[in-house]
Amino acid sequence: MKVIVIFGTRPEAIKMAPVVKELQKRKELETFVCVTAQHREMLDKVLEIFDIVPDYDLNIFKPGQTLTDITIESLKGLEEILTTVKPDLLLVQGDTSTVFSGALASFYHKIKIGHVEAGLRSNNLYSPYPEEANRRLVSVLADYNFCPTDSNRQNLLNEGISDSKIYITGNTVIDSLKYTVKDDYEFEDEVLKKLDFNSKRFILLTSHRRENIGQPMKNIFNAVKDVLNIYEDVEVIFPMHLNPKVRKIAVEILGNHNRVHLISPLDYFEFTNLLNRVHFVITDSGGIQEEAPTMGKPVIVVREETERMEGVDAGSAILAGTEYKNVYNALDSLLKDDKLYNKMSEVQNPYGDGFSAQRIVDIILKYL
Ligand code: UD1
Ligand code: UDP
């Protein structure tokens, strides 16, 4: 049986890597990896770390790419590859434009589709944008929906997806953490190397979502900057996404603060070990919301909605929104209220147990 795994961005690569490794272990399967390279630099770093050499690379990335560019170039490139490989199953992960194009290309060729991280819903088509639409569109086409949690399964059932196509597996992002996070890890990054994580409280900041670019992102960064002026023992580390629109706002608002470290995106080992050392995280990222509870790190989610309510419900995350005052208040509470902090950091990770890839591949072998 031939399985082709398609991905294109940093988070898809991180979350698909354990699945690729598990597929490659099984002798009954012939595994092919195809990257669209919707991201280039940020994708290549992950491929290198996990030692994955793609069989096919569409190399579609171009600076300033639009959603249409990504969709058309991926769809066109995949056509040729699917015709050549003729796989029995195509796997996609998550909700990017690569994922939507991968599923659509597969459907056009009547190839079965497995969707890893299926069933997440914010119930607002414009937040996250365009991801909420991408994941809904893929659910219509998928034959195997690998849901991280039971509430993801419930979302699919509510949309009329048959239970026979749904499997609860946990999120593969947790699988990777077992291999990366070490308490005695030594940083390679020149900035991180010099920081004393014992004498100060460090906040890890990331923000890149399309719907936050503009005023919401300005609100978030201004709240971070202003709260720093109250707490002198606090520093902020922001490994900035390569999107120039994000970097411009970050440099304008946070660039001159002596307790803010604006750095390049970190490789996955560095990033997850940084997550393990900081006091807490403020982010609009999806994957980071899922990773942080494994290390007992509270998360302030700077989005109006999150499709990952499990963390909020379990008490490890605060959904702060993107209004200045709400973001400021969330930061202030978590910095001043030790009881709240301790309660949030004791929550068990609701997203997975580290064995999701194994479950997914077992299901593929049993039912395909
Ligand atoms: C994409 C996904 C988003 C995911 C994010 C992960 C879509 C529509 N969005 O958003 O769901 O959360 O990836 O990070 O699929 N850039 C580089 N080099 C890179 C990568 C990006 O320079 O290696 C810059 C380019 O200027 C590019 C911009 O970032 O135009 C945006 O990249 P793009 O893939 O279009 O969207 P993301 O915001 O990264
Ligand atoms: N990440 C990384 N380096 C960084 C920032 C994030 O390796 O500098 C990892 C992080 O551990 C997580 C993933 O990238 O697994 C999240 O990616 P991102 O926030 O770009 O996308 P999202 O999860 O929101 O789709």
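The values are calculated or read from the model by the stated rules, or taken from the named source; none is laboratory data. Because the structure is a prediction, the values reported are computed rather than measured. Heads up, the Cβs are rebuilt from the backbone with ideal geometry, glycines too, and the neighbour counts pull from every protein chain shown.
Restricting Phe202, Phe271, Phe238 to those that are aromatic (Phe, Trp, Tyr), in a strand (DSSP E or B) and within 16 Å of ligand 1 (Cβ to nearest atom) reduces the list to Phe238.
Here's the yes/no breakdown for (1) of a type in the set (A, V, I, L, M); (2) over 25 Å from Asp88 (Cα atoms); (3) modelled with pLDDT of 95 or more; (4) near ligand 1 (Cβ under 10 Å from one of its atoms):
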residue	(1), (2), (3), (4)
Ile4	yes, no, yes, no
Thr9	no, no, yes, yes
Val20	yes, no, yes, no
Leu29	yes, no, yes, no
Asp51	no, no, yes, no
Asp57	no, no, yes, no
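Quick check on Ser207: is it surrounded by 16 or more Cβ atoms within 10 Å (Cβ to Cβ), touching a residue at least 12 places away in the same chain (Cβ under 8 Å) and either more than 18 Å from the chain's Cα centre (by Cα) or farther than 20 Å from Ala118 by Cα (or both)? Criteria met by Ser207.
The set of residues from segment 241-263 being more than 9 Å from ligand 1 (Cβ to nearest atom) and part of a loop (DSSP other than H, G, I, E, B) comprises Gly255, Asn256, His257, Asn258, Arg259.
Restricting Gly286, Gly311, Gly296, Gly321 to residues that are under 22 Å from the mean Cα position of the chain (by Cα), on the phi > 0 side of the Ramachandran plot and surrounded by 17 or more Cβ atoms within 10 Å (Cβ to Cβ) narrows the list to Gly321. Selection of segment 98-116 for residues being in contact with a strand residue (DSSP E or B) (Cβ under 6 Å, 6 or more places away or on another chain), free of Cβ contacts under 8 Å to residues at least 60 places away in the same chain and within 16 Å of ligand 2 (Cβ to nearest atom) yields only His115. Of the residues making up segment 107-137, those that are touching a helix residue (DSSP H, G or I) at 6+ places or on another chain (Cβ under 7 Å) and either crowded, with 24+ Cβ neighbours inside 10 Å or within 17 Å of Ala37 (Cα to Cα) (or both) are Gly114, His115, Val116, Glu117, Ala118, Gly119, Leu120, Pro128.
The residue that is nearest to Tyr179 (Cα to Cα), among those in segment 42-96 that are of a type in the set (A, V, I, L, M), part of a helix (DSSP H, G or I) and within 18 Å of the chain's Cα centre (by Cα), is Ile49.
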